[in-house]
Amino acid sequence: MALPGAYPRTRAPHLSVPDNSAAIFEGCVVDPALVAADREQFTLELAPGARARVSLYSKTGEFPALPYGTHLEFTGKARRTHNFQNPGEFDNVHFLARQRIYWNTTGEASAVRVLGAGCGNPVLAAIFAVRSAALERLDHLYANDAYTDGMMQAVLIGATAKLDRLWTEDYRATGTFHALVISGSHVAVLAAVLLFFLRLCAVPGSVAIAATIAAAWLYSGVTGWQAPVLRSAAGMTLYGLGRCFYRNGRILNILAAVALLFVVADPEQLFDASFQLSFLAVALIGAFVVPALDATSAPLARGLKDLSDPERDVRLPPRAAQLRVELRLLAETVALLLHVPAKVSLMALGIVARVFLYLWEIFVTSFFIQIGLALPMAVYFHRLSASGLSANALVVPVLSAVVPLGFLAIALNSAWLASLCAWLLALSRSAVSFHMRWEPDWRIPPPPVWLGVLFVLALIWAALRVNNRLARTAAWSAATLALAAIVIHPFAPQLSHGKFELSMLDVGQGDSLLAGFPDGTLMLIDAGGIPSFGRTRKAGLNIGEDVVSPYLWSRSIKHLDVVVMTHAHEDHMGGMSAVLKNFHPHELWTGAVQDSPEWRAVRQAAQQLHIAIRPLAQSSPFPFGGATVEVLAPLPGYLPRETPQNDDSLVMRVRFGATSFLLTGDMERPVERDLARAGLLSHDDALKVGHHGSRTSSTPVLLDLERPAFGIISAGFDNNYGHPSPRTLAALGERKIAAFRTDEDGLVTLLSDGHRISIECAVLR
């Protein structure tokens, strides 16, 4: 992630065909194809500096092998990359543009024609060949275990095509997700293991360090040149060079040098969350962890060397010498009790002591990193784990062991080692599942700037390690109070009190509206979603978690009073479970719903959170939140079909003062006609245009009876349905109804003071 709007805009290359037009694309595969579920994905370079992210689909389930350097052509459709135009959203367009990716392209796998091989860089081709071979070996080793295969590919190589988001939710919530994703720690573990074995084989120190550095850069390529691995490899290179010149590497000096090199090469990295978190974590280790360990466990760890040699005692600090003496005495006692040799007893006790010291080091490291990264975690991910300390103490060692063992299993094609890695993954999964039982279910909006600055200054003050105990206590007290305020977030939502607000979010081809009532009551109407069209594997993007929730958090909203599910189509309810979990509403209002797996998931989430479910039908107006709400549909006696229909929608009218708003869901022509016959349609100032502006809704009868001044339409950018329909737009235009649409205007906000309505759009026309 990155700070929204932090990057300067770059001009995208021009494609000679309109978006979503069929065309023949030719280029070179620069990121090898990965097959997952029903699609094959890769990056295609159409011209130097102009790339497309390609998704191929197959009706037969067969896909062509497309390694790096494949020259191909295929018939497909492309469209420009696009952001969700809501405040607080991730700038995905520029994120992809930094990788020179400007289009998303789709096509049929059967339409691909391989023109040859050999394009691209031969060195990269060799590195990606190693990557592809490793992925194929993992597919072979875990042929009947999709979970372990997907997790191992992600943990070892950073390939997430087969990683289901549901598998990682517990890791995210318990603050252990960093152990799963490719990071600098993976490089450190592999380097330590490799260096150990090289030295064990009597390889000279300088040669061993050089080989380890070379392996780190090779691993960077195998993982797809991911930034955290590159930074770690660069830091290891600087450290190795220093060792060759007999210099002791100081962690903060190496950190500063690597950061400077990367910022000079790419200044935009300063605004990248991965860059900030990586260097901040290392800085915290240097500023807090190392001094804390030096004052506690480091002398004891040094004292565990050559325990059987009493002459070393006098050259060590008193605490370390005392530990050695007590361990020898304890070893003699154990030897007498268990009738084992004293050396064996002493060796066993030494191992136990090292394990305890290692766990202490993990605890201390996790403690300071959890505190130091609390602010960016709240800003970027809206999370702060309470169980992270103990969870990391269990998960990090286990997954650290998986990395070298997994690569050894790949190299040896060892089923036994593969099974051991699978067992370790299962162990880590059990650990995070256990912690999830008592992990608080909280999400955190970004704190005010002044509070973040106060927290950072308090940490810097504490890091200075002044000798004055009172000053240290004051620094940590200030940091603790600021951290508590960040977590509790006792700040009111950003609302226009005394007014009624209706904001239509840009959620792509779906619906989600935020209604803010005059007394501060908050209602969310639908939560967007991506239809699965019968696919068993859901989309990697969760609209409720990744689009709707960040917008609400950006407005300092922690809680919703009511969530409305107009009907049970996935483009309205797909993000509902995430919204319920993140904002804990008191009630869930529904229209006509049928029993389906999607509805059962939402209902289960509501029941687990003790949210009251209220099915609504046509009723008299009732006061709500300082305004009046009237339910128009479903009409009495309406019987839903076996499968969800647009006419199942909950239709509501909200009146505030002299202004009124008609919220239609996906209501279509039959229900519009029924409402007209029942005399329930009358003038409203604003109309939520039904079914994304399709030609099956917003009939002339409805428009003539309603006579709204504004029509707001939720439609996906360049969607495949042709929404909103030109016929609907023409009908609105003929009646002088000002139409605003999320695919062009982004977030659309209507604000009423009871007499007048003002409108604001995220994108200026």
Checklist entry - Residues of region 538-563 being of a type in the set (Asp, Glu) and under 15 Å from Pro585 (Cβ atoms), which ones? => result Asp561
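Suppose we filter Val671, Val651 for residues that are touching a strand residue (DSSP E or B) at 6+ places or on another chain (Cβ under 8 Å) and more than 22 Å from Ala627 (Cβ to Cβ); which single one remains? Let's see the steps before the verdict.
Details: Val651 fails: more than 22 Å from Ala627 (Cβ to Cβ).
Exactly one of Val671, Val651 is touching a strand residue (DSSP E or B) at 6+ places or on another chain (Cβ under 8 Å) and more than 22 Å from Ala627 (Cβ to Cβ), namely Val671.
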Next on the checklist: Please pick out the residue among Leu349, Leu329, Leu323, Leu293 that is farther than 29 Å from Ser366 by Cα, out of contact with any Cys (no Cβ under 7 Å at 6 or more places or on another chain) and assigned to a helix (DSSP H, G or I).
Outcome noted: Leu329
Checklist entry - Of the residues Leu373, Leu399, which single one is within 25 Å of the chain's Cα centre (by Cα), over 30 Å from Leu304 (Cβ atoms) and open to solvent by less than 40 Å² (accessible area, probe 1.4 Å)? => result Leu373
Next on the checklist: For region 539-570, give me each residue that is under 22 Å from Glu668 (Cα atoms) and either crowded, with 24+ Cβ neighbours inside 10 Å or not acidic (Asp, Glu) (or both).
Outcome noted: Val564, Met565, Thr566, His567, Ala568, His569
Checklist entry - Quick check: is even one residue across region 666-682 within 27 Å of Gly575 (Cα to Cα), in a loop (DSSP other than H, G, I, E, B) and small (Gly, Ala, Ser)? => result no
Checklist entry - In region 134-141, is there at least one residue being free of Cβ contacts under 8 Å to residues at least 24 places away in the same chain, open to solvent by less than 20 Å² (accessible area, probe 1.4 Å) and in contact with a helix residue (DSSP H, G or I) (Cβ under 7 Å, 6 or more places away or on another chain)? => result no
Item to check | Residues (free of Cβ contacts under 8 Å to residues at least 40 places away in the same chain, assigned to a loop (DSSP other than H, G, I, E, B) and buried (at least 17 other Cβ atoms within 10 Å of the Cβ)) located in region 698-735 | outcome: Ser698, Thr699, Pro724, Ser725
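Open to solvent by 60 Å² or more (accessible area, probe 1.4 Å), on the phi > 0 side of the Ramachandran plot and modelled with pLDDT under 90 - does that describe any residue in region 37-56? Break it down stepwise before answering.
If we filter region 37-56 for residues that are open to solvent by 60 Å² or more (accessible area, probe 1.4 Å), which is where we start, we get 37, 39, 41, 48, 53.
Those left that are additionally on the phi > 0 side of the Ramachandran plot: 37.
Remaining after also requiring modelled with pLDDT under 90: 37.
Checking region 37-56: at least one residue is open to solvent by 60 Å² or more (accessible area, probe 1.4 Å), on the phi > 0 side of the Ramachandran plot and modelled with pLDDT under 90.
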Checklist entry - Has region 174-182 got at least one residue that is touching a Ser or Thr at 6+ places or on another chain (Cβ under 8 Å), open to solvent by less than 60 Å² (accessible area, probe 1.4 Å), without any contact (Cβ under 8 Å) to a residue 24 or more places away in the chain and among the aromatic types (Phe, Trp, Tyr)? => result yes
Next on the checklist: Cβ-Cβ distance below 7 Å, separation of 6 or more or different chains: which pairs start in region 254-270 with a residue that is under 16 Å from Gly240 (Cα atoms) and end on one that is open to solvent by 40 Å² or more (accessible area, probe 1.4 Å)?
Outcome noted: Ile254/Leu238; Ile254/Tyr239; Leu255/Val282; Ala257/Leu238; Val258/Leu238
Item to check | Residues being of a type in the set (S, T, N, Q) and without any contact (Cβ under 8 Å) to a residue 24 or more places away in the chain - total across region 328-377 | outcome: 2
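The values are calculated or read from the model by the stated rules, or taken from the named source; none is laboratory data. Predicted model, so just to flag it, every value in this text is computed and none were measured. Positions of Cβ are backbone-derived with ideal geometry, glycine not excepted, and every protein chain shown enters the neighbour counts. Note: accessible area is taken over every heavy atom of the protein model, side chains too, but ligands, DNA and RNA are not part of it. Shrake-Rupley method; radii C 1.70, N 1.55, O 1.52, S 1.80 Å.
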